[in-house]
Amino acid sequence: MSERRGAVKRAPDRSRKARSKAALEPRKQPRQRRSSQMVDRILGAALTLTRENGAAGPTTLAIARRAGLSVGSVYQYYPNKQAIMLDLARNWLAVFPTVIAARAEGATTAERFRQDLHAYLEEIARHYLDNANLMPVLEAIALDPGLKHIVVDYDDKNIALYAAWLRKVNPALPLEDATRLGHVMMEVGHMALTIAVRKNRRTFALIQNDLETMWLALLVPHLDLPDT
């Protein structure tokens with residue numbers, strides 16, 4: 001009897017975990033153009049409200065109104081606001097692999113690398129600045145055992161792309177070293193820009209310049225870049 005009661009007690013716990021995970025996933029993936037447009041409207045409205053009022057501000061009703069949709073239409077795609085915010089965070093994370101890969105395509109000389117690194121930092125700094133109110137959402141994802149893998153997967157992808165970028169500039173750089181440097185670039189970059197978005201614009205610009213200085217100080221010895 002005690003074993004049976006124990007089994008009964010544990011079952012709801014597993015059920016709650018399953019429901020919790022399902023509650024953060026989109027209800028259906030957009031397979032048709034109209035559905036994709038609906039999702040874009042929902043996410044666009046949520047992002048606008050988040051930029052205006054912070055991540056805790058927008059309700060599902062407010063998102064629906066800003067998107068020009070009924071709440072029922074929003075619920076066809078997302079079970080709650082948290083699922084919408086999670087998708088916004090995924091979209092935020094998905095920008096980085098594309099941007100890193102695009103910059104790495106042209107980095108074949110030391111001078112070109114410096115230019116591309118500066119342009120890359122300008123681009124991602126704007127991405128942080130434009131989405132500053134999403135930072136609490138990303139921090140919550142990173143701390144959630146059930147969602148942390150989303151951040152980790154993108155981190156691993158970004159580190160590999162950083163490493164490939166560095167080895168394109170210096171093919172003699174061992175992969176192990178390039179991976180380690182890429183890891184440091186990612187971690188220091190994220191920490192610096194996360195701090196920067198909480199400051200005023202002048203301080204943000206100074207921290208961005210500091211970050212570029214730190215990255216170059218780290219990379220110059222490994223890439224045989226002229227120390228200018």
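The helices (runs of 4 or more DSSP H) found entirely in the range 123-197 that carry 3 or more residues being among the aromatic types (Phe, Trp, Tyr) are 148-169. Scanning the range 68-112 for residues that are buried (at least 17 other Cβ atoms within 10 Å of the Cβ) and either more than 30 Å from residue 149 (Cα to Cα) or acidic (Asp, Glu) (or both) yields 69, 87, 107.
Annotation note: of 150, 159, 141, the sole residue that is more than 24 Å from residue 210 (Cα to Cα), surrounded by 20 or more Cβ atoms within 10 Å (Cβ to Cβ) and either free of Cβ contacts under 8 Å to residues at least 12 places away in the same chain or not aromatic (Phe, Trp, Tyr) (or both) is 141.
Residues in the range 181-208 that are open to solvent by 80 Å² or more (accessible area, probe 1.4 Å) and closer than 18 Å to residue 113 by Cβ: none.
Pairing each residue of the range 207-219 that is of a type in the set (S, T, N, Q) with any residue that is open to solvent by 30 Å² or more (accessible area, probe 1.4 Å), provided the two are 6+ apart or on different chains, yields C-beta distances under 9 Å for 208/122. Hey, any hits in the range 179-197 for a residue that's more than 19 Å from the chain's Cα centre (by Cα) and touching a residue at least 40 places away in the same chain (Cβ under 8 Å)? Yes, the conditions are met somewhere in the range 179-197.
The values are calculated or read from the model by the stated rules, or taken from the named source; none is laboratory data. What you see is a predicted model; the values in this text were computed from it and never measured. With ideal geometry, Cβ positions are generated from the backbone for all residues, glycine too; neighbour counts draw on all protein chains shown. Surface areas here come from the heavy atoms of the whole protein model, side chains and all, with no ligands, DNA or RNA. Shrake-Rupley method; radii C 1.70, N 1.55, O 1.52, S 1.80 Å.
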